[in-house]
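Have a look at the structure below, then the notes.
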Amino acid sequence: MRVLVTGGGGFIGSAVCRHFIADLKYDVVVIDKMTYAGNLASLAAVASSSHYAFEKHDICDAGAVTSIFARYQPDAVVHLAAESHVDRSISGSDVFVKTNVLGTFTLLEAARSYLHSSRRDNSVDFRFVHVSTDEVYGSLGDDGLFTETTAYDPSSPYSATKAASDHLARAWHRTYGLPAIVSNCSNNYGPYHFPEKLIPLIILNALDRKSLPVYGNGSNVRDWLYVEDHARALGVILTKGLPGETYNIGGRNERKNIEVVQQICTWMDRLRPGRGSHHDLITFVADRPGHDQRYAIDATKLETELGWRAQETFETGIEKTVRWYLDRADWWKPLRDKVYGGERLGLIKA
Ligand SMILES: NC(=O)c1ccc[n+]([C@@H]2O[C@H](COP(=O)([O-])OP(=O)(O)OC[C@H]3O[C@@H](n4cnc5c(N)ncnc54)[C@H](O)[C@@H]3O)[C@@H](O)[C@H]2O)c1
């Protein structure tokens, strides 16, 4: 199996590459533009493998994408390349529209023409797995879960562009017969997470004894999934999922943001004691504009039809994650020093 992984230099994409190469023994070709979020250090574990190739390209570049399909003759695409940070989408949405919508369109078209080319080896059923988010469904009240049939109702420029790209993937299946599958996953966390996102930002600020910013009153709920569970789910969807289907991915780990931050503080108090409790650093700050209140995934379809289960609970996953950041300053320090120092993003300026 040879898989094109777009966005393989990112947080989830690099976990997918590590899983596919080390555990599943697939050949992986990464296409990544290497934006601020892409990092070759996240791929160091597989970089010397004969099963790995890297192509630095923008997925909006139709010529480059078409030639990569022709050169590598992949059996599948797992499409993760995207602009992924809600706060950045509030400050500058244009690149989100370009990459998430036009980039997905470019890939779908390149895959379609590749499938119709005479050189394609038809012995393996081709799949195009389009990786998306639960944020396309909008916000839940206190009860209920997102299912695969929940109506789309995105709130942010990020989720609106992901919703648009999901619609494109489904339309390319229905109209052109492209064997596309859409996955919608809840919030991920774990190693190699860029330090602009809540969990790594809180761990690293706590390590520096800086204030720990919590948006609004901290009551917003997210359904956390350990990133390696997501990578395993994508492996299962790739081989067992049915074209045209959608699979929700989530670990049944709903937590309020304030609870997540408190749990990190408790681990930091244990692992880095001294100079008072890290809980005292928690600071409530202005809320995110359009902040969705609650996300929660019903993953029954993926669990019952394809046999996937999350292996980590939030408690096991957050301990691993805190310990990883404490051990891997070599990975995050260059990012904190040179790429993103922890400043507030995504406030609308008058
Ligand atoms: N992080 C989450 O909690 C989460 C949850 C569900 C779904 N997703 C989806 O999973 C995918 C990966 O998310 P992530 O958190 O790993 O994102 P990320 O921001 O860490 O990584 C994105 C990667 O895409 C690359 N990229 C961006 N624009 C590109 C372009 N035009 N051409 C080629 N490469 C480009 C970046 O360089 C980076 O390596 C995204 O599609 C996201 O919407 C993320």
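The values are calculated or read from the model by the stated rules, or taken from the named source; none is laboratory data. Since this is a predicted model, take the numbers as computed values, not measurements. Neighbour counts run over all protein chains shown; Cβ positions are idealised from the backbone, glycine included. Accessible surface areas use protein heavy atoms only, side chains included; no ligands, DNA or RNA. Shrake-Rupley method; radii C 1.70, N 1.55, O 1.52, S 1.80 Å.
Any idea what the relative contact order of the chain is, in percent, if you count C-alpha pairs under 8 Å spaced at least 6 apart?
Values: 675 pairs, mean separation 64.8, N = 350.
Once divided by the residue count of the chain, the mean separation gives 19 percent.
Just so you know, the Rg over Rh for region 241-283 is 1.34, from Cα atoms, with Rh as the Kirkwood radius. Across region 253-263, computed HN-Hα scalar couplings (Karplus, 6.51 cos²θ - 1.76 cosθ + 1.60, θ = phi - 60°) run 10, 6, 9, 5, 4, 5, 5, 4, 5, 5, 5 Hz from first to last residue, x flagging Gly and Pro. Taking only the C-alpha atoms of region 97-167, the Rg (one decimal) and the largest Cα-Cα distance, Dmax (whole number), read 15.8, 53 Å.
By a 1.4 Å probe calculation restricted to protein chains, Tyr192 has an accessible surface near 30 Å², given to the nearest 10.
Would you mind checking the tilt of helix 62-72 against the longest principal axis of the Cα atoms of the chain, expressed as 0 to 90 degrees and rounded to 10? That works out to roughly 70 degrees. Over all orientations, the chain has a Cα convex hull whose mean projected area works out to 17.1 square nanometres. Among the trypsin sites (Lys or Arg not before Pro) within region 1-77, which fall in a DSSP loop and have no more than 13 other Cβ atoms within 10 Å of their own Cβ? Those that pass, being in a loop and sparsely packed, are Lys25.
Using heavy atoms of the protein chains and a probe of 1.4 Å, the accessible area assigned to His57 is about 60 Å². By how many degrees, between 0 and 90 and to the nearest 10, does the Cα long axis of helix 157-176 differ from the longest principal axis of the chain? Once rounded, the angle reads 20 degrees.
The value obtained for region 120-267, namely the Cα convex hull volume divided by the number of residues, is 138 Å³ per residue.
When shorter helices are ignored and each DSSP H run of at least 4 residues is given -39500 (n - 2.57), the per-residue value for the chain at 222 nm works out to -10500 deg cm²/dmol. Debye-formula intensities of region 209-269, expressed as log10 I(q)/I(0) at q = 0.29 Å⁻¹, are -1.20 (one equal scatterer per alpha-carbon, no solvent). Working note: Debye formula, equal point scatterers on the alpha-carbon atoms of region 267-350, no solvent; log10 I(q)/I(0) at q = 0.17, 0.19, 0.22, 0.24 Å⁻¹ is -1.16, -1.21, -1.20, -1.20. Its relative contact order, with pairs defined as Cα atoms under 8 Å and 6+ residues apart, puts region 105-167 at 31 percent.
Bridge orientation summary for the chain: considering DSSP beta bridges with both residues in this region, about 10 percent are antiparallel. Rg ratio for region 147-186: its Cα radius of gyration over 2.2 N^0.38 Å, N being its residue count, equals 1.22. Sorting the Cα pairs of region 196-350 by distance into bins of 5 Å, from 0 upward, gives 2, 8, 16, 17, 17, 16, 11, 8, 4, 1, 0, 0 percent per bin. For the chain, the per residue solvent-accessible surface stands at 40 Å², with DNA, RNA and ligands left out and a 1.4 Å probe.
Residue ranges 130-138, 296-304 sort as 130-138, 296-304 when ordered by packing (mean number of other C-beta atoms within 10 Å per residue, highest first).
Under the rule a/c < 1.5 gives rounded, and otherwise a/b versus b/c splits prolate from oblate, where does region 118-203 land using the Cα gyration tensor? Oblate shape, in that a/c is at least 1.5 and b/c is the bigger or equal ratio. When Met34, Met268 are compared by accessible area of protein heavy atoms, the largest-first order is Met34, Met268, using a 1.4 Å probe. Pairwise Cα separations in region 66-108 fall into 10 Å bins from 0 onward with the following percentages, short to long: 25, 43, 22, 9. Under a Gaussian network description of the chain, with springs only between Cα atoms under 10 Å, the residue in Ala231, Ala111, Ala70 that fluctuates furthest is Ala70. To put it simply, the accessible area of the chain at a 1.4 Å probe is 51 percent carbon and sulfur. Note that region 1-59 shows a convex hull volume over its alpha carbon atoms of 63 Å³ per residue.
Spherically averaged projected area of the convex hull of Cα atoms, region 23-171: 10.8 nm².
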